[in-house]
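Notes for the one structure printed next.
The values are calculated or read from the model by the stated rules, or taken from the named source; none is laboratory data. Since the structure is predicted, the reported quantities are computational estimates derived from the model, not experimental observations. Heads up, the Cβs are rebuilt from the backbone with ideal geometry, glycines too, and the neighbour counts pull from every protein chain shown.
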Amino acid sequence: MAWDRLRRYDFQASWAVALALTSVPPFLAAAYLVASRYQSVLGRIVYGGEGRFLVGFAAAALISLALAAGAFALGWNSAGQRRNDLSRRSWIAFFVGGSVLTLNVVLLIAFFMLRLKPQS
């Protein structure tokens, strides 16, 4: 029954903003993890093979990616609709979700390009 409300554009706009704002803290956590392991002398991200760094980073990045993608999709779907009286929320969610989504992709590409694989 609650899924029927998701057809309304104003309800989508409210959920999109909530998802967009919820996607920011996991992204900041993933960015902090990468920044704390970056060694400027080597120009690499160094982490040990036995630690939980990779699991924590991947979890934070994937959670943020999923939330930002949901916010982007819901914001895109509900923005500009005539029956949406909360279109400002839709546009905010669209741009915040798209920005966090883009920054996550950039962070993941930078991680995979700059990581120093642990020795077995």
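Tabulated data for the structure shown
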| item | result |
| --- | --- |
| Which listed residue is more than 12 Å from the chain's Cα centre (by Cα), surrounded by fewer than 15 Cβ atoms within 10 Å (Cβ to Cβ) and farther than 26 Å from residue 9 by Cβ, from 80, 48 | 48 |
| Residue within region 66-75 that is in a helix (DSSP H, G or I), aliphatic (A, V, I, L, M), farther than 24 Å from residue 9 by Cβ and without any contact (Cβ under 8 Å) to a residue 60 or more places away in the chain present | no |
| Selection status of residue 82, over 27 Å from residue 117 (Cβ atoms) and part of a helix (DSSP H, G or I) | no |
| Conditions (1) over 29 Å from residue 10 (Cα atoms); (2) loosely packed, with under 12 Cβ neighbours inside 10 Å: number failed by residue 29 | (2) |
| Every residue from region 7-49 that is farther than 17 Å from residue 91 by Cα, of a type outside the set (S, T, N, Q) and free of Cβ contacts under 8 Å to residues at least 60 places away in the same chain | 7, 25, 26, 28, 29, 32, 33, 35, 37, 41 |
| Condition met for residue 92 (more than 30 Å from residue 116 (Cβ to Cβ), buried (at least 17 other Cβ atoms within 10 Å of the Cβ) and β-branched (Val, Ile, Thr)) | yes |
| Conditions (1) within 20 Å of residue 92 (Cα to Cα); (2) within 10 Å of the chain's Cα centre (by Cα); (3) not aromatic (Phe, Trp, Tyr); number of the one not met by residue 61 | (1) |
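Okay, residues lined up against (1) touching a Cys at 6+ places or on another chain (Cβ under 8 Å); (2) at pLDDT 90 or above; (3) among the β-branched types (Val, Ile, Thr):
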{"residue": "23", "(1), (2), (3)": "no, yes, no"}
{"residue": "44", "(1), (2), (3)": "no, no, no"}
{"residue": "68", "(1), (2), (3)": "no, yes, no"}
{"residue": "76", "(1), (2), (3)": "no, no, no"}
{"residue": "83", "(1), (2), (3)": "no, no, no"}
{"residue": "86", "(1), (2), (3)": "no, no, no"}
{"residue": "92", "(1), (2), (3)": "no, yes, yes"}
{"residue": "103", "(1), (2), (3)": "no, yes, no"}
{"residue": "113", "(1), (2), (3)": "no, yes, no"}
